[in-house]
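Structure first, commentary second.
The values are calculated or read from the model by the stated rules, or taken from the named source; none is laboratory data. Since the structure is predicted, the reported quantities are computational estimates derived from the model, not experimental observations. Counting neighbours? That spans all protein chains shown, and the Cβs are built from the backbone with ideal geometry, glycine included. Note: areas computed on protein heavy atoms with side chains; ligands, DNA, RNA excluded. Shrake-Rupley method; radii C 1.70, N 1.55, O 1.52, S 1.80 Å.
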Amino acid sequence: MASWLWYFWIYSFLGWLVELAFAAVSRSEERRRRCLLFLPLCPVYGFGMLAVLALPPMGWTKLVILGGLVSTAVEYAYHFCGERFLGVRFWDYTQVSGNLGGRVCLPFSLAWGFLVWIAVQFVQPAAETMAATVSPAVTYACLLIFTADTVCSIWFLRATGDLAELRAAGLL
């Protein structure tokens, strides 16, 4: 079970890096991050990869297609929950063609498929090695920090509904 926590954190951190890179390349106004937490983690990426890793082994074509669909479904659910329970919109794809309620869009769904393939082929073997070498004490300490951050971030968003302020207060 600890391995799955580490996969979640690894992919959430890598997702945070992807968000930073995308913001820099696209010259987005939101240059810092588009995440739920104060820590440099984007949980939607972690949840998406956990869902993909739960799939049975398959060839690369099926992985790209099914991985893209699963990731898109997770992205939609994550955004829906953010709106419904926290009153925030983490992103808005309404200006992108092929969007569904501004929560997901076709161009990013296609990108997720290829990112999933890259992650499963090249990142996951390293993630498995790393997760297997972390001591239980380090895992528990990280879980405590992550839980505290999640509780504080959710409390902050429920109290303020202000994602921009959460971003400004983030560690990075």
Discussion item. Using a 4.7 Å cut-off between beta carbons, which cysteines in the chain end up with no partner cysteine at all?
Written reply: 81, 105, 142, 152
Worksheet item: Between 45, 76, 140, which gets the highest mean-square fluctuation from a Gaussian network model of the chain, Cα cutoff 10 Å?
Response: 140
Practice prompt. List the DSSP H helices in the chain whose Cα atoms stretch 18 Å or more along the helix axis and whose mean Kyte-Doolittle hydropathy is at least 0.5.
Written response: 2-26, 60-81, 106-118, 136-160
Worksheet item: Using the heavy atoms of the protein chains alone and a 1.4 angstrom probe, what is the accessible area of the chain per residue in square angstrom?
Response: 56 Å²
Worksheet item: Can you give the accessible area of residue 3, probe radius 1.4 Å, in Å² rounded to 10?
Response: 40 Å²
Item to complete: Whenever you get a sec, line up 50, 110, 144 from highest to lowest accessible area (probe 1.4 Å, protein heavy atoms).
Response: 144, 110, 50
Worksheet, complete the sentence: In whole angstrom, the spacing between the Cα centers of region 76-96 and region 113-132 equals 27 Å
Fill in: Kirkwood Rh (inverse of mean 1/r, distinct Cα pairs), the chain, angstrom
16.7 Å
Response to the item:
Checked against the positive end of the charge dipole of the chain (+1 on Cβ of Lys and Arg, -1 on Cβ of Asp and Glu, about the Cα centre), the farthest of 3, 101, 61 is 101
Worksheet item: Counting each DSSP H run of 4 or more residues in the chain as -39500 (n - 2.57), what helix-only mean residue ellipticity at 222 nm follows after dividing by all residues, to the nearest 500 deg cm²/dmol?
Response: -22000 deg cm²/dmol
